[in-house]
1. Got at least one residue in region 407-418 being free of Cβ contacts under 8 Å to residues at least 40 places away in the same chain, surrounded by fewer than 18 Cβ atoms within 10 Å (Cβ to Cβ) and not assigned by TED's automatic domain parsing to the domain that holds residue 298?
2. Within region 467-485, track down each residue that is touching a helix residue (DSSP H, G or I) at 6+ places or on another chain (Cβ under 7 Å), part of a helix (DSSP H, G or I) and surrounded by fewer than 21 Cβ atoms within 10 Å (Cβ to Cβ).
3. Could you grab me the full set of residues in region 190-206 that are on the phi < 0 side of the Ramachandran plot and without any contact (Cβ under 8 Å) to a residue 40 or more places away in the chain?
4. Identify, please: which residue in region 257-266 is buried (at least 23 other Cβ atoms within 10 Å of the Cβ) and under 20 Å from the mean Cα position of the chain (by Cα) and is, among those, nearest to residue 412 (Cα to Cα)?
5. If you go through region 112-128 one residue at a time, do you hit one that is surrounded by 19 or more Cβ atoms within 10 Å (Cβ to Cβ), more than 27 Å from residue 224 (Cα to Cα) and either in contact with a strand residue (DSSP E or B) (Cβ under 8 Å, 6 or more places away or on another chain) or in contact (Cβ under 8 Å) with a residue 60 or more places away in the chain (or both)?
6. Please go through region 281-302 and pick out each residue that is in a loop (DSSP other than H, G, I, E, B) and over 17 Å from residue 255 (Cα atoms).
7. Say whether the condition of being outside any loop (DSSP other than H, G, I, E, B), surrounded by 15 or more Cβ atoms within 10 Å (Cβ to Cβ), at pLDDT below 85 and under 41 Å from the mean Cα position of the chain (by Cα) is met by at least one residue in region 75-98.
8. So which residues in region 1-30 are without any contact (Cβ under 8 Å) to a residue 40 or more places away in the chain, under 18 Å from residue 130 (Cβ atoms) and within 35 Å of the chain's Cα centre (by Cα)?
């Protein structure tokens, strides 16, 4: 008679799975609360202590850490000496291990969780059993997800659980324990100020496969960091079809941008850059102003707002083709309006917060680039006026808005801001002067009386001079170029104000 060992934290579908195993002739052994669920379902099962000869000890810390369990899992069936060792010591072969782990992740995401509670949710015996079974997968079936129960029962019944299928289960098992360990390491590292660790792993759970990646020939998927991830990772979809890879990238860029503003803000994103951005006293006015930034580019864009989406704003959004809308909430009054564009994806997302994996991670062939998120904000107190003329109060306000915006534009980046709206954006240019020229071209006559933000210093005066010719009255930039004196002189000659922040905002 084959033997199954069950020890699960997630009891979903457990009774039905145990019943199916019994019908297939398995003798069941189980630990603690798992045993109780099986017995409450009027099924026969035996405590794991009958395999080990020891009772559960130390508040359940010691249950399965014993040769009576691990010898039965690890014994190779093709080695007579292994089977002889089992027989010599009166130990059972274990043919199936069903195990998932203590809810460590759920525990540490509770706002009132204590360190002691978190430590007690670090599973030791479970990962050990899972890894043992996965190592010996040619002989032992290992299951870590309740979603697999029906599939496994069917394969066992039809005798189709071949070596390839067992290896897939083993890979899933090792990924499960690896992710679990990654969460624990991240929790214990939280608040660490000693730089980056010598090894890093990041745990994501599959949210959904995507139709394709940036292009149709690229496969892709979306993974979520944690059970209550904020930002796009934890977004709730309320309308539309499955989002695509590019949709989600643009949605993330748009939402991060608007959430950097305290006042009501709206942004329209195309290809990870804002083609529309504005702040106002009401979100509907902010959206109208954002749309006016570039009516042509707004077509087919992704919209984000930093206030609950109301009916007045929704009425404007549905006037043109919009691929996606992201907001911290969707008011009930807007649903029938949004439904006029039934294919438009609508997401509800919460502002990003410091999580256990609160890092900007990008892949390169053969490696990972890891950095902190750029959360630096405009600070007027540290901005230094370097020209003879200081900005007016109105210019200071627009400079702050522009400096916040330029942080979210691909480098080389230039943003022209006027009366609460981005009137010109130059993004992703190899030359800074070309970025200015592009921003000025898009702004047209609106550049007159605007302010200009540059994500990094002006290496020469030509970029600033292009803005001056277009009618810019004030500029903000990090400074730090060997040509700073020439750039300041150009500003003074034109009578414009310029401030330096001492901090750049490259975004690649």
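The values are calculated or read from the model by the stated rules, or taken from the named source; none is laboratory data. Because the structure is a prediction, the values reported are computed rather than measured. Because the Cβ atoms are built from the backbone with ideal geometry, glycine has one as well, and the counts that use them run over all protein chains shown.
1. The answer is no, given that none of the residues of region 407-418 is free of Cβ contacts under 8 Å to residues at least 40 places away in the same chain, surrounded by fewer than 18 Cβ atoms within 10 Å (Cβ to Cβ) and not assigned by TED's automatic domain parsing to the domain that holds residue 298.
2. 468
3. Correct list: 192, 193, 194, 197, 198, 199, 201, 204, 205, 206.
4. 257
5. no
6. 281, 282, 294, 299
7. Checked against the condition, which is being outside any loop (DSSP other than H, G, I, E, B), surrounded by 15 or more Cβ atoms within 10 Å (Cβ to Cβ), at pLDDT below 85 and under 41 Å from the mean Cα position of the chain (by Cα), region 75-98 yields no hits at all.
8. 11
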